[in-house]
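Visitor: My questions all concern the structure below.
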Amino acid sequence: MENMGENNSPAKLPVQIRQSRRVSAFQRYRDVIKNGMFLFGVKNRLERLGIEIMPYYWVGEGMEDCTEPGIKGDISEFTLINLSLEEIKMLWKDAGDRVLEGRVEEYRQCPYCVGLEHHGEIAAYMFIGFKDLNFKGKLFPLKENEAYLANMWTFHSFRGRNLAPYLRYKCYQLLKEQGRDTNYSITEYFNKSSIKFKNKLNAKNLNLFIYFNFFGKWQKHYLLKTYTD
C-alpha cells in the first residue's frame, strides 16, 4: 500500500490494511432495495443462470468543471493510496472464489487501483485502465491522453458518506497530472447508485448500448442512442 503524494511519488504508509467489517445478507439486500438497485440485482441473478441482458451507457467523465465533493465526516482521517494486487486479494479473501477471481481479473485489466484508507481499513477503491477496453467482446479504443475508469466499490460500513464521488474526483486530478484529461466509464442502466454519484460530477452519457448473452452461445452489442449537446 502506497501513499499518493502530491508529486505522484508514492511513499510507504505505516499502517496495516485489514479487511472491511462484514455485514449480514439481510442488510445487503435491504441496501439494494433502499438504493433503487432491485432491477440491477435481478439482472445479476439472471446472469448467473446464463442469461444476460444489459443496457449500459458509455460515459464521459472529468471533462466538465465541477466542485470537489464533500464527505460526511472528517476528511483528514482518509488517505489516498495505491493498492497492489496482493492487497486486493486480501480484502476479498473470504468472499468466495467466484468473487475473488472477479476482482483479480478486474485488476489485471485495469491495474492502477486507487483507494481511500481510514485508520488501516479500506473504505473505498476503484480501478483505472489505460489500454484499449475490451468490454464483453466490444472494443473501445483509448488514446494516450485517455483513461478508462472501471469499477468503484465502497464497503458497506462506509456507505452513505459520499466517498464515491470524492474518490472519483481525486482520481480525475491524479490522471490530469499524468497528462490524461479525458476519461470514460461504463454505467449499467439499472445501476442507479452509479448514475447518482456520476451525476454529482457532471459526467455525461455519450452512448446507450444494449448487450445480449444467452448461455455464451449468442452475444451481441447494439447501439440504441447517441447523445449530443
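The values are calculated or read from the model by the stated rules, or taken from the named source; none is laboratory data. Predicted model only: the values in this text are computed from it and were never measured. Glycine gets a Cβ as well: all are built from the backbone with ideal geometry, and neighbour counts include every protein chain shown.
Visitor: Looking only at segment 120-156, count every residue that is closer than 25 Å to PHE78 by Cβ and among the charged types (D, E, K, R) and tell me the total.
Guide: Qualifying residue count for the region: 1.
Visitor: Can you list residue pairs whose Cβ atoms sit under 9 Å apart, with the first residue in segment 69-86 being charged (D, E, K, R) and the second being not in a loop (DSSP other than H, G, I, E, B)? Count only pairs 6 or more apart in sequence or on different chains.
Guide: Cβ pairs passing all conditions: LYS72/LEU163; GLU77/HIS118.
Visitor: Okay, moving on. Restricting to segment 49-83, give me the number of residues that are of a type outside the set (Asp, Glu) and in a strand (DSSP E or B).
Guide: Restricting attention to segment 49-83, the residues satisfying the condition of being of a type outside the set (Asp, Glu) are 49-51, 53-60, 62-63, 66-67, 69-73, 75-76, 78-83.
After this cut, where a residue has to be in a strand (DSSP E or B) as well, the list is 51, 53-60, 78-82.
Adding up the residues that qualify gives 14.
Visitor: Considering only segment 120-132, state which residues are farther than 21 Å from ARG159 by Cβ and in contact (Cβ under 8 Å) with a residue 24 or more places away in the chain. Give the steps one after another, and end with the answer.
Guide: Narrowing segment 120-132 to residues farther than 21 Å from ARG159 by Cβ: 128-132.
Selection gives ILE128, PHE130.
Visitor: Mind telling me which of the residues ILE51, ILE33 ends up being of a type in the set (A, V, I, L, M), more than 30 Å from LYS176 (Cβ to Cβ), at pLDDT 85 or above and surrounded by fewer than 19 Cβ atoms within 10 Å (Cβ to Cβ)? Before the answer, list the steps.
Guide: Values: ILE33 fails: at pLDDT 85 or above.
After applying the criteria, what remains is ILE51.
Visitor: For a quick check of your reading of the model, give me the residue pairs whose first member lies in segment 212-223 and is in a loop (DSSP other than H, G, I, E, B), whose second is of a type in the set (A, V, I, L, M, F, W, C) and surrounded by 11 or more Cβ atoms within 10 Å (Cβ to Cβ), with beta-carbon atoms closer than 9 Å and at least 6 apart or on different chains.
Guide: Qualifying pairs under 9 Å: PHE215/ILE51.
Visitor: From the set of residues in segment 134-145 that are touching a residue at least 24 places away in the same chain (Cβ under 8 Å) and not polar (S, T, N, Q), which is farthest from TYR57 (Cα to Cα)?
Guide: Here the residue is GLU144.
Visitor: Take the conditions surrounded by 14 or more Cβ atoms within 10 Å (Cβ to Cβ) and either in a loop (DSSP other than H, G, I, E, B) or more than 17 Å from the chain's Cα centre (by Cα) (or both) and apply them to ARG180. Does it pass?
Guide: Values: surrounded by 14 or more Cβ atoms within 10 Å (Cβ to Cβ): yes; either in a loop (DSSP other than H, G, I, E, B) or more than 17 Å from the chain's Cα centre (by Cα) (or both): yes.
For ARG180, the condition - surrounded by 14 or more Cβ atoms within 10 Å (Cβ to Cβ) and either in a loop (DSSP other than H, G, I, E, B) or more than 17 Å from the chain's Cα centre (by Cα) (or both) - is met.
Visitor: Name, by its number, the condition in (1) assigned to a strand (DSSP E or B); (2) out of contact with any Gly (no Cβ under 6 Å at 6 or more places or on another chain) that does not hold for ILE122.
Guide: Condition not satisfied by ILE122: (2).
Visitor: Here's another thing I want to ask about it. In the list GLU144, GLU86, which residue meets the criterion of being in a loop (DSSP other than H, G, I, E, B), more than 14 Å from the chain's Cα centre (by Cα) and surrounded by fewer than 17 Cβ atoms within 10 Å (Cβ to Cβ)?
Guide: GLU144
Visitor: On to the next question. Would you mention how many residues in segment 154-165 are surrounded by fewer than 19 Cβ atoms within 10 Å (Cβ to Cβ) and within 16 Å of VAL99 (Cβ to Cβ)?
Guide: We begin by selecting, within segment 154-165, every residue surrounded by fewer than 19 Cβ atoms within 10 Å (Cβ to Cβ); these are 156-157, 159-162.
Still in the running and within 16 Å of VAL99 (Cβ to Cβ): 156.
Going through segment 154-165 one residue at a time, the tally reaches 1.
Visitor: Let me ask something else. What single numbered condition from (1) surrounded by fewer than 18 Cβ atoms within 10 Å (Cβ to Cβ); (2) touching a residue at least 12 places away in the same chain (Cβ under 8 Å); (3) part of a strand (DSSP E or B) fails to hold for SER185?
Guide: (1)
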